[in-house]
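Working notes, beginning with the structure itself.
Here, each number is a calculation from the coordinates, and none is a lab measurement. Everything numeric in this text was worked out from a predicted model, so none of it was measured. A quick note on method: Cβ atoms are made from the backbone with ideal geometry, for glycine too, and the neighbour counts reach across all protein chains shown.
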Amino acid sequence: MYFIYLVHNVALYKGIYNNIYNNIKRFVNEIKINANIKDILKALPTSNVVLNNISLENDERSLNIYHLAITPNGLYNIIPLSYFLDTNYSKEAANSLIYDIYNETENIKNLLDDIIEEDVPLTTLILSPESDIENTINIDTFKLIEENQLPFIINSSENVNTPLDIDTVKELIIENKAWFLDKVWIRFTYFIGNNRKILSFFMLCPIIYCIYMIILTIFYSAITMIISDFFRFLTEIFNSKL
């Protein structure tokens, strides 16, 4: 019981409970955001194709795309910024996150080009939870918008000279979907990368418990031996006086 009490206090001090709560809250929030985005994307023309939460792999490269809209004018990679932000986030944290997302979209662009085997127009749309968050990357194919602007931005895109063959692109992307176990592995590595503190705590608990039990056993054995020797000494003294 004392060890459980000790672990509980360490968890409070290190903020483990708060991290677990934030992860659960973020997971529930992600489900709500996904459902909301799916409803918003229903406003697109029925000829367009929307793929949600799809994991792709090609030449030992793998990544996850949250929402991908396939239109005649190109592809739209839709990323909700709320997925990655804490409740009390700062503008600096949001700007840093936008830069990290931009670097990841370059990998998505390269992977999609290899899968489709041509240079396909890809626009990344970052859905901002607040209107005052600024986009520090001034590129036409990387935009920071609000959720209600999403259908308008996609529908108002300029027509390209050669419209994209939606069905062909969809088939090529589907053919490169990651297997179920690969998808689980991608999710697992993402979970580990974002929850190292929690995992380290629970991995160390059994080790600390074993050390605690060893120390306790040694201490108990030492006390038992001291007490036993003490009573043996008293017994010998008592017997010598008889």
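Return the percentage of antiparallel bridges among DSSP beta bridges fully within the chain, rounded to the nearest 5 %.
Percentage antiparallel, nearest 5: 60.
By Kyte-Doolittle mean hydropathy of at least 0.0 and Cα axial length of at least 27 Å, which whole DSSP H helices of the chain are selected?
Span-like helices in the chain: 196-241.
Give the cross-link partners of LYS91 among the lysines, using a straight C-alpha distance below 30 Å as the criterion and excluding same-chain residues fewer than 8 apart.
Straight-distance partners of LYS91: LYS14, LYS25, LYS32, LYS38, LYS109, LYS143, LYS197.
For a quick check: with amide H placed at 1.01 Å from N, whose amide H comes under 5 Å from GLU146's, ignoring anything fewer than 5 positions away on the same chain?
Counting only residues 5 or more places away or on other chains, the set is SER128.
In whole Å, how far is the Cα centre of the stretch 9-48 from that of the stretch 217-242?
63 Å
Work out the FRET efficiency for ILE153 and PHE202 from their Cβ-Cβ distance, taking R0 = 41 Å, and round it to the nearest 0.05.
Efficiency for this residue pair is about 0.45.
Can you classify the stretch 32-194 as rounded, prolate or oblate using the Cα gyration tensor, where a ≥ b ≥ c are the square roots of its eigenvalues, rounded means a/c under 1.5, and otherwise it's prolate if a/b beats b/c and oblate if not?
Cα axes put the stretch 32-194 in the oblate bin.
Assign unit charges at the C-beta atoms only (+1 for Lys and Arg, -1 for Asp and Glu), then state the dipole size of the stretch 32-194 relative to its Cα centre in Debye, rounded to the nearest 20.
Its charge dipole is roughly 620 debye.
What number, in percent, do you get for the relative contact order of the chain if the mean sequence gap of Cα pairs under 8 Å and at least 6 apart is divided by its residue count?
Working: 216 pairs, mean separation 51.1, N = 242.
For the chain, the relative contact order is 21 percent.
Could you give the nm distance between label points at ASP165 and PHE219, where each point is 7 Å from its Cα heading toward the beta carbon?
7.4 nm
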